[in-house]
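The values are calculated or read from the model by the stated rules, or taken from the named source; none is laboratory data. Since this is a predicted model, take the numbers as computed values, not measurements. All Cβ positions, glycine included, derive from the backbone under ideal geometry; neighbour counts span all protein chains shown. Side chains included, ligands, DNA and RNA excluded: accessible areas come from the protein's heavy atoms. Shrake-Rupley method; radii C 1.70, N 1.55, O 1.52, S 1.80 Å.
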Amino acid sequence: MVENLIIIGSGPAGLTAGIYAGRAQLSPLLIAGSAFGGQMALTNEIENYPGFPEAITGQELAQLMQKQAERFGAKVEMDEVTAVDFSVHPFKVKTYTQEYEAKAVIIATGASPRKLGVPGEEEFTGRGVSYCATCDGFFYQNRTVIVVGGGDAAVEEAMFLTKYANKVYLVHRRNRLRAEKVVQERAFKNEKIEWVWDSVVTEIMGEQGVAQVRVKNLKTGEESFLKAEGIFIYIGNVPNTQFLDGQVELNERGYIVTDRQCHTSVPGVFAAGDVQEWVLQQIATAVGSGAMAAMEADKFIAELEGTAYPERTA
Ligand code: NAP
């Protein structure tokens, strides 16, 4: 059986593509990947997605989007895509358990946390090194933790961690934050956060788990040690495009190159959300591109089958 449309990824871009493609009566198959909801689901409180004035958790929002997509006929599979073949049509999409064929594909695999790449990071991952405060913050009740980074994610998650931890060191490589002003102002008022400016983490140390971190001041060259049981790394993201194995054009940073209508270098293959090089990596922008990709996929299939467009859309 050839699927009309396979959507790869279950973040806000993929789930929105599922809603729109479902409403276009394509019965899309959405392959969720290893982490349902993507980065959205790792966010504790989402305050800037329209329609939720009191904030909503990322997991709740992901579940609501899934429910909405399924209501319109999207089929959600909890599997992970391992390889694709776009050199043939119908396209081939391989997962751990199945091999599928599809007339069109939307890639919405998002991005994953960037690693620091310092000694101790890999060794202590899961034993003090974390990339998800929502998942692991609870384990640090009355402890000291470190957050690395100066963007929205680092500052917001540092504030979230103060719910549990006694103290949160925020280590940033410059003396100015990149995070939104409103987020900065709130964080500066939080007395549990101690700011460590112009500094980078050079080593994560411990025995069974993390015990301390070596920090270097980039202005003075001075080294110091911060004692902490946990370190949360929020230094941006890298796109999840490895499984594509060069089958669509990527830019020099590994993001998928698309035009404004989400077309990739392969006709019939579209990309949406953070896996594209967006200036603004937000749920709101991911949702917009997911909708766009689904409508373009619908148009592609209609043209392929000689069905008039837009008459066939719901
Ligand atoms: P980001 O905005 O790219 O910020 C990454 C931070 O990490 C920057 O402060 C950067 O320093 C620092 N950094 C990068 N590489 C580093 C390294 N090797 N060592 C030390 N520090 C390093 O990433 P993000 O905070 O994960 O956010 C990603 C996107 O999601 C952004 O578009 C952000 O606005 C969005 N987001 C939004 C919200 C929200 O709206 N509430 C929440 C979370 C994320 P420099 O500043 O010196 O470059």
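Descriptive notes on the structure:
- Among the residues of segment 176-205, those that are of a type outside the set (A, V, I, L, M, F, W, C) and out of contact with any strand residue (DSSP E or B) (no Cβ under 7 Å at 6 or more places or on another chain) comprise ARG176, ARG178, GLU180, LYS181, GLN184, GLU185, ARG186, LYS189, ASN190, GLU191.
- Criterion (in contact (Cβ under 8 Å) with a residue 40 or more places away in the chain, within 15 Å of the ligand (Cβ to nearest atom), open to solvent by less than 10 Å² (accessible area, probe 1.4 Å) and in contact with a strand residue (DSSP E or B) (Cβ under 9 Å, 6 or more places away or on another chain)) met by exactly one of ALA13, ALA21: ALA13
- Some residue of segment 142-150 being within 16 Å of the ligand (Cβ to nearest atom), under 30 Å from GLY246 (Cα atoms) and not polar (S, T, N, Q): no
- Residue check for GLY58: at pLDDT 95 or above, outside the structural domain of VAL182 (by TED's automatic domain parsing) and over 30 Å from LEU304 (Cα atoms): no
- Residue among ALA153, ALA165 that alone is open to solvent by less than 100 Å² (accessible area, probe 1.4 Å) and within 11 Å of the ligand (Cβ to nearest atom): ALA153
- Within segment 34-55, the set of residues being in contact (Cβ under 8 Å) with a residue 60 or more places away in the chain and of a type in the set (Phe, Trp, Tyr) comprises TYR49 only.
- Restricting segment 222-281 to residues that are within 15 Å of the ligand (Cβ to nearest atom) and in a strand (DSSP E or B), the residue that is surrounded by the most Cβ atoms within 10 Å (Cβ to Cβ): PHE232
- Single condition ASN217 does not satisfy, out of (1) open to solvent by 50 Å² or more (accessible area, probe 1.4 Å); (2) of a type in the set (S, T, N, Q); (3) over 20 Å from the mean Cα position of the chain (by Cα): (1)
- Test result for PHE188, surrounded by fewer than 22 Cβ atoms within 10 Å (Cβ to Cβ) and at pLDDT below 95: no
Table: residues versus (1) out of contact with any Phe, Trp or Tyr (no Cβ under 8 Å at 6 or more places or on another chain); (2) over 30 Å from GLY137 (Cα atoms).
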position	(1), (2)
ILE8	yes, no
GLY33	yes, no
MET40	yes, no
MET78	no, no
TYR96	yes, yes
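- Here ALA69, ALA83, ALA158 are screened, and the one residue that is under 21 Å from the mean Cα position of the chain (by Cα) and not assigned by TED's automatic domain parsing to the domain that holds LEU15 is ALA158.
- Count of segment 190-221 residues which are more than 16 Å from the ligand (Cβ to nearest atom) and not polar (S, T, N, Q): 10
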